[in-house]
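To keep things clear, I will list the structure first and then write my remarks on it.
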Amino acid sequence: MLAHIADIPQLKRAFADGLDIHAMTASEMFGVPVEGMPGEVRRRAKAINFGIIYGISAFGLANQLGIPREEAGAYIRKYFERFPGIRDYMEETKRKAKADGFVTTIFGRKMHYPRIASSNPSERAFNERAAINAPIQGSAADIIRRAMIRMDGALAAAGLAAKMLLQVHDELVFEVDEAEAQATMDVARKVMIEAPLPAVALTVPLQVDARAAHNWDEAH
């Protein structure tokens, strides 16, 4: 969602090429080849990728990674140097939210932030962080809802008896006869990939993984 909404060329290219986005970020920031990359380096990049868009501070990132605050601050500065479009997106989103009082998902759903111009610095900063994140997280939520609405009809049309049991963030959990597992995964994957259509054609391909197991834990 970030790559699409903020129109970040490096991220869009990475998704189009099917790259590991966290490994790509680590390679961009730390000059480490993706091939054979140490897990710790990727973990740091993953924390930065997710943390930045939540408005994480150097103090928060330092606590999360167990590193000095100065080092965490340097990571954040370097991240914005490597991906300047992300800072542009954040600043423009704050500006629009203050002007309009709301932000929208890619489907036009509004999230209101009437206190984003508060004179209280803590309240203002909280609303700014929420407004920056809402179009991304909100758009992802819209997509999974669209997939869920279409899922029963798609399964029925395919003659499958699978039952959708649970949604967990961007995952859907099904109960299915073992003999229909592969066919169900094929249908579910197609519905989820095509969920934004026809309202929105993403500029970044949606990637959907599907696995069958005896329980949700094993499926991971």
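The values are calculated or read from the model by the stated rules, or taken from the named source; none is laboratory data. All values derive from a computational prediction rather than experimental measurement. Methodologically, a virtual Cβ is constructed for each residue, glycine included, from the backbone with ideal geometry; neighbour enumeration extends over all protein chains shown.
When the test is whether a residue is among the hydrophobic types (A, V, I, L, M, F, W, C), surrounded by 12 or more Cβ atoms within 10 Å (Cβ to Cβ) and under 27 Å from HIS4 (Cα atoms), PHE174 does not pass it.
For region 120-142, indicate whether the set of residues that are part of a loop (DSSP other than H, G, I, E, B) and not hydroxyl-bearing (Ser, Thr, Tyr) is non-empty. Yes, the conditions are met somewhere in region 120-142.
Could you list all residues from region 95-135 that are of a type in the set (Val, Ile, Thr) and either in contact with a Pro (Cβ under 9 Å, 6 or more places away or on another chain) or under 14 Å from VAL200 (Cβ atoms) (or both)? Spell out how you get there, then give the answer.
Residues of region 95-135 that are of a type in the set (Val, Ile, Thr), as a first pass: 103-106, 116, 132.
If the condition is that a residue be of a type in the set (Val, Ile, Thr) and either in contact with a Pro (Cβ under 9 Å, 6 or more places away or on another chain) or under 14 Å from VAL200 (Cβ atoms) (or both), then VAL103, THR104, THR105, ILE106 are the ones that fit.
Filtering region 14-55 to residues that are in contact (Cβ under 8 Å) with a residue 60 or more places away in the chain and outside any helix (DSSP H, G or I) leaves GLY18, TYR54, GLY55.
Do we have any residue at all in region 108-120 that's among the hydrophobic types (A, V, I, L, M, F, W, C) and under 18 Å from the mean Cα position of the chain (by Cα)? Within region 108-120, one or more residues are among the hydrophobic types (A, V, I, L, M, F, W, C) and under 18 Å from the mean Cα position of the chain (by Cα).
Any idea which of (1) more than 20 Å from ILE21 (Cα to Cα); (2) in the same structural domain as LEU2 (by TED's automatic domain parsing); (3) assigned to a helix (DSSP H, G or I) is the one ALA97 doesn't satisfy? Failing condition for ALA97: (2). No other residue among ILE143, ILE116 is touching a residue at least 60 places away in the same chain (Cβ under 8 Å), crowded, with 17+ Cβ neighbours inside 10 Å and either of a type in the set (Val, Ile, Thr) or in contact with an Asp or Glu (Cβ under 9 Å, 6 or more places away or on another chain) (or both) apart from ILE143. Looking across ARG115, ARG146, one residue alone is in a loop (DSSP other than H, G, I, E, B) and basic (Lys, Arg). It is ARG115. A single entry from PHE102, PHE83, PHE59 fulfils the requirement of being of a type outside the set (D, E, K, R) and under 19 Å from the mean Cα position of the chain (by Cα): PHE83. Residues in region 172-195: is at least one in a loop (DSSP other than H, G, I, E, B), at pLDDT 95 or above and in contact with a Lys or Arg (Cβ under 7 Å, 6 or more places away or on another chain)? Yes, region 172-195 has at least one match. Note on region 104-130: residues that are β-branched (Val, Ile, Thr) and touching a Phe, Trp or Tyr at 6+ places or on another chain (Cβ under 7 Å) amount to 0.
Do we find that PHE59 is under 15 Å from ALA6 (Cα atoms) and either touching a helix residue (DSSP H, G or I) at 6+ places or on another chain (Cβ under 7 Å) or loosely packed, with under 13 Cβ neighbours inside 10 Å (or both) in this structure? No; evaluated as a whole, the condition is false for this residue.
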